[in-house]
Amino acid sequence: MAEIVLDKVTKRYPDGALAVSDVDIEIADGEFVILVGPSGCGKSTTLNMIAGLEDISDGELRIDGKRVNEKAPKDRDIAMVFQSYALYPHMSVRENMAFPLRLAKMDDATVQRKVDDAARILDLTQHLDRKPANLSGGQRQRVAMGRAIVRSPKAFLMDEPLSNLDAKLRVQMRTSVSKLQKQLGTTTVYVTHDQTEAMTLGDRVVVMRGGLVQQIGSPQFLYEQPANLFVAGFIGSPSMNFLPATLENGGLATPLGSFPLSDRVRMLVESANAPREVIMGIRPENFEDAHVLDPSAQSGGGTFTATVDVLESMGSDKFAYFTIEGETATSAELDELAADAGANELTASGPQIVTRLSAASLAKPGEDLDVWFDADKIQLFDPADGRNLTYAG
Amino acid sequence: MAAIGSAAPAGAKARWGLVDIAVVIYALVPVLWIVSLSFKTKETLTDGNFIPRSWTWQNYVDIFNTNEFIRALVNSIGIALIATVIAVVLGTMAAYAIARLDFPGKQVLVGVSLLIAMFPQVSLVSPLFEMERGLGLFDTWPGLILPYITFALPLAIYTLSAFFREIPWELEKAAKMDGATPAQAFRRVIAPLAAPGVFTTAILVFIFCWNDFLFAISLTSTESSRTVPAALSFFTGSSQFEDPTGTVCAAAVVITIPIILFVLFFQRRIVAGLTSGAVKG
């Protein structure tokens, strides 16, 4: 158990490429921190630097207040779970889990007891004498976890440990990882590119992009107060809708129509010294079918009419997709997010928006629908640098 | 349709079987012929029968009665084993470095070892002869072991680096995280997984050294270091005019046996897919 502090940690490769730059993170004892970002954002490199598998070019890494930059991985007393599990194929499950203890020269009785304890926690007792090749993906993953917890290290590092599992197992394992971490209370740094894992697992989430930390905060805080366009677009599923908008006369002109700003938004925008042209972001759940709502509840919002392209009924609510006439919001951040999501350019006729409507909505695909949105819940971003103009945090 | 469908694969199988048998016979006839000659008596040696009319162990008894052959056998085993061990140990280290590390001159190292492998050995015989005489290595064990290592190393490096590349990088990282020093990680994780590759390489290198005739005949002059392939060419009968065919054939059979044993013994170790289960897939 330990606190881990990254103080302006930088990774520069010999060819000059900057993989990670000036990362400042303070991870408290027992905290579960998630590093999340698209591929190539430097999250795995950061984890490898904490592990000691990659050198730190600049800055300082402290574990329990002691500088460990120069220490070999084995002297840092931290355990790591790899994406590929990296089980030793020539050893049985028992030997795999005992390996760190044997290296630490523990006596046989202690090794036996610790391995049995870990196996019981992870429900591996009946598999102890099998070889990794004869285990299922989920079992291998648990063996990898077992090898990490068996020696009670100061911290766990996990590099996308669930991404090789199928969807259902991943959700199950996500819950067990979370439970296990709470049970053991060990400081954990977890790398993932899946924002759902990040939101559900972490005490705090670190969003990274291009080697830079974009924002650090609790999942709920990142969701409600993204620091910039990138975080706003990355966190949340389905993701936030972005539309180009113009600030004029205390109101906002958007492809969804013009409407006045709420007092809260106006004050934030004024203090942020906003440009005239902005990008408006609005979450799918801030839309509602106008027919479902009371007319009284519709004040402080705008209404527009559009044709439902696709309707996905989830039972508890309905996702309706619309194509709006007008310009599409553009910025470097949005392009990068689209590239990461693998979004195609097939529907270039206008901006697409996703709305989450109540299950009572009578929306039908191909028919027009009146949609209300909450003008107080919008977020405005500067298209030039992506900063959130409505950031209150 | 069903009849044709089942008949066609059977026919194809039979054809492949015939081709296989033809290839095996083509490859084995000369070997069997030598075996057959080694069991023939001196009188029936040239009778042209494939199966000897009168069997005898006399040729085998003769070769083991001459000091010439026993001494050559000892030389062969000693020289081939020492050269194999050194080449495999050096090759393992070099191959590991090539597969895992980035160091200046890596491409040069790979290029040079390829160059050595392709170099015509015949062109080196005369210079080596002169050099070894000058250095006092001529007609000694080291005089053969050194050139064998030189030419076996590229083979060892190439085979082994292919094996090392197959072992996932992450296993080593995992071992480091589990508290292993680089040496422990190599010994307890990498080496056991590379064992099939090491054994395969050892067999190839051993066969190369065992079979060599060119260096053995040129760099030796007495039986103090002459290996079996070279010694065979010096075999004579009991008198100078007697034909030594029978004893040469018996000796050829005897020196083939270690190779067959070697391959059969290590075949169990050469199991594909030893690394399965280490990582996903």
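Every number here is computed from the coordinates shown, using simple stated rules; none is lab data. These numbers were taken from a predicted model, which means no experiment stands behind them. Backbone-built Cβ (ideal geometry, glycine too); neighbour counts: all protein chains shown.
Observations
- Per-residue ³J(HN,Hα) for region B:60-67, Karplus 6.51 cos²θ - 1.76 cosθ + 1.60, θ = phi - 60°, Hz, x for Gly and Pro: 5, 4, 4, 5, 7, 8, 8, 4
- Reach of A:K364 by Cα under 22 Å, taken over lysines that are not fewer than 8 positions away in the same chain: A:K318
- Annotation: the residues A:D15, A:D194, sorted from fewest to most other C-beta atoms within 10 Å of their own C-beta, follow the order A:D15, A:D194.
- Least to most buried among B:R165, A:R204 (fewest other Cβ within 10 Å first): B:R165, A:R204
- Amide proton proximity set for A:Q214, modelled H, under 5 Å, gap of 5+: A:V207, A:M208, A:R209
- Neighbour cut-off at most 16 other Cβ (10 Å), DSSP loop, chymotrypsin sites (Phe, Trp or Tyr not before Pro), region B:29-113: B:F50, B:W57
- Whole-Å distance, taken between Cα centres, linking region B:77-98 and region B:162-197: 19
- Take each residue in A:99-108, count the other chain C-beta atoms within 10 Å of its C-beta, and the mean is 3.
- Checking the cross-link pairs A:K114/B:K173; A:K11/A:K154; A:K8/B:K106 against a 29 Å limit on the alpha carbon distance flags A:K8/B:K106 as lying beyond it.
- When A:I27, A:I353 are arranged by Cβ crowding within 10 Å, least crowded first, meaning fewest neighbours, the order is A:I27, A:I353.
- In order along region A:195-212, phi translates into HN-Hα couplings of 5, 5, 4, 4, 5, 7, 8, x, 6, 9, 10, 10, 9, 10, 8, x, x, 10 Hz, rounded to whole numbers, per the Karplus curve 6.51 cos²θ - 1.76 cosθ + 1.60 with θ = phi - 60° and x for Gly and Pro.
- This model, with +1 at the C-beta of Lys and Arg and -1 at the C-beta of Asp and Glu, gives chain B a dipole about its Cα centre of some 1060 debye.
- DSSP beta bridges confined to region A:1-156 are antiparallel in about 85 percent of cases.
- Dipole size of the protein assembly as shown about its Cα centre, with +1 on Lys/Arg Cβ and -1 on Asp/Glu Cβ: approximately 3020 debye, rounded to the nearest 20.
- Candidate cross-link partners of A:K131 among the aspartates and glutamates, defined by an alpha-carbon separation under 20 Å and a same-chain spacing of 8 or more, comprise A:E95, A:D116, A:D117, A:D123, B:E166, B:E170, B:E172, B:D178.
- Mean ellipticity per residue at 222 nm, deg cm²/dmol - from DSSP H runs of n ≥ 4 across the protein assembly as shown, formula -39500 (n - 2.57): -14500 deg cm²/dmol
- Reported to the nearest whole Å, the Cα centre-to-centre distance from region A:199-214 to region A:48-64 is 18.
- Among beta bridges from DSSP that stay inside the protein assembly as shown, the antiparallel ones total about 75%.
- Taking amide H positions as modeled 1.01 Å from N, with prolines and chain starts lacking one, the residues under 5 Å from A:V310 and 5 or more places away or on another chain are A:Y321.
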